[in-house]
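Read through the structure below, which is laid out as structure tokens, and then see the notes.
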Ligand code: SF4
């Protein structure tokens, strides 16, 4: 069981290294995909390895000259990686515009790597508008055509259907792990769960599925003797929370039982209809997302993130909520006051932790987390 997790952790730690090795072995194309709403299934059906681009661990150096300091760490890291030549193994990037900062990032990458095709497509952000379905279908048809131009041949509908089935299988396996973790039937740390999901954003899907199936067969039930504080983790859009923060939450007495992180449940919660025509199925998948797990970069009437979070925290029997917010993430900053107010009104313990690409002061965070765990323990006992 550990060897599978070790492999997931290695891939998660060096996604571009995995992509480079895959390319050397197969001779195939690698397509970078921007989070959070683009269907990598289409790039897979084109015979490529879709790789969701990740923030890396390097400090921002030459990227400083091309990006504002008040861009989130993910955008600054993407630009820095582009300027350091880290994207030289990519054959294209599928770019979306789910926040305004990404528009600037796309322009900087275009200007600095002119030979790298940027497949830029705008997905509508008001996803319950009357015109949203037709517009989303048009966007995905356009992306389909752009991928065909890139690879120089048609992409068969049958291949898209096969990719949808494979991706659904992988998501379903990860959701089983989530169920096991919620019910205390498997002891997976937040670090390990992140490795499972993050590696699926990068790895050859069939390989990831095979490893996950092996992992699920071998899994052991490891109930903890210590009563930890059950924590729901929320937020951190687009890029993975730093592992030292996840570790600290657990060493301070928390046990993460569920989340809505992009490098977590947000990435796997929805499957794509395998029977409907593929473009329609992809559009339905995209347009129904906010009704299941609301995203602050999309708007839909009657789907409030704070109401979703209150229910999700209750459903998984979490004792409290920790919100991880990347510094300068505007969509998240706009929504957070509603979440805070709703949790205060309901009396559910919650804590906001702001994160930065450059890291956070762990000693100060440790004190805040220990205090939060103590308050939450007392609230549960009251
Ligand atoms: S949504 Fe937030 S984390 Fe994602 S790119 Fe925009 S500012 Fe950065």
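Below are the figures for this structure:
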quantity	calculated
Any hit, region 94-102, residues being away from the ligand (no atom under 11 Å from the Cβ), outside any helix (DSSP H, G or I), touching a residue at least 60 places away in the same chain (Cβ under 8 Å) and buried (at least 16 other Cβ atoms within 10 Å of the Cβ)	yes
Pair list, Cβ < 6 Å and 6+ apart or interchain, from region 58-79 residues that are over 19 Å from residue 324 (Cβ atoms) and touching a residue at least 24 places away in the same chain (Cβ under 8 Å) to residues that are more than 10 Å from the ligand (Cβ to nearest atom) and not in a helix (DSSP H, G or I)	79/67
Residue within region 269-282 that is at pLDDT 95 or above and more than 25 Å from residue 156 (Cα to Cα) present	yes
First in region 330-342 and over 16 Å from residue 99 (Cα atoms) and in a helix (DSSP H, G or I), second anywhere and modelled with pLDDT under 95 and within 11 Å of the ligand (Cβ to nearest atom), Cβ under 9 Å, 6 or more apart	336/296
Top-ranked residue of region 103-116 - restricted to ones that are surrounded by fewer than 17 Cβ atoms within 10 Å (Cβ to Cβ) and in a loop (DSSP other than H, G, I, E, B), ranked as nearest to the ligand (Cβ to nearest atom)	116
Selection status of residue 140, modelled with pLDDT of 95 or more, within 16 Å of the ligand (Cβ to nearest atom) and outside any loop (DSSP other than H, G, I, E, B)	no
Conditions (1) within 23 Å of the chain's Cα centre (by Cα); (2) not in a loop (DSSP other than H, G, I, E, B); number of the one not met by residue 63	(1)
Residue under evaluation residue 190, criteria (1) touching a strand residue (DSSP E or B) at 6+ places or on another chain (Cβ under 6 Å); (2) closer than 20 Å to residue 36 by Cα, criterion not met	(2)
Breaking point among (1) away from the ligand (no atom under 16 Å from the Cβ); (2) surrounded by 20 or more Cβ atoms within 10 Å (Cβ to Cβ), for residue 34	(1)
Options 53, 42: the member that is surrounded by 22 or more Cβ atoms within 10 Å (Cβ to Cβ) and within 16 Å of the ligand (Cβ to nearest atom)	53
Residue satisfying all of: in region 300-329; in a strand (DSSP E or B) and within 16 Å of the ligand (Cβ to nearest atom); surrounded by the fewest Cβ atoms within 10 Å (Cβ to Cβ) among these	325
Selection status of residue 87, part of a loop (DSSP other than H, G, I, E, B), more than 13 Å from the ligand (Cβ to nearest atom) and touching a helix residue (DSSP H, G or I) at 6+ places or on another chain (Cβ under 9 Å)	yes
Every residue from region 337-361 that is within 16 Å of the ligand (Cβ to nearest atom) and either crowded, with 20+ Cβ neighbours inside 10 Å or more than 26 Å from residue 71 (Cα to Cα) (or both)	339, 353, 355, 357
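Rundown of residues vs (1) within 16 Å of the ligand (Cβ to nearest atom); (2) part of a helix (DSSP H, G or I); (3) under 30 Å from residue 335 (Cα atoms); (4) modelled with pLDDT of 95 or more, yes/no style:
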site: 188; (1), (2), (3), (4): no, no, yes, no
site: 192; (1), (2), (3), (4): no, yes, yes, yes
site: 195; (1), (2), (3), (4): no, yes, yes, yes
site: 202; (1), (2), (3), (4): no, no, yes, yes
site: 209; (1), (2), (3), (4): no, yes, no, yes
site: 216; (1), (2), (3), (4): no, yes, no, no
site: 223; (1), (2), (3), (4): no, no, no, no
site: 231; (1), (2), (3), (4): no, no, yes, yes
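The values are calculated or read from the model by the stated rules, or taken from the named source; none is laboratory data. Computed from a predicted structure; not experimentally measured. Quick reminder, even Gly has a Cβ in these numbers, built from the backbone with ideal geometry, and neighbours come from all protein chains shown.
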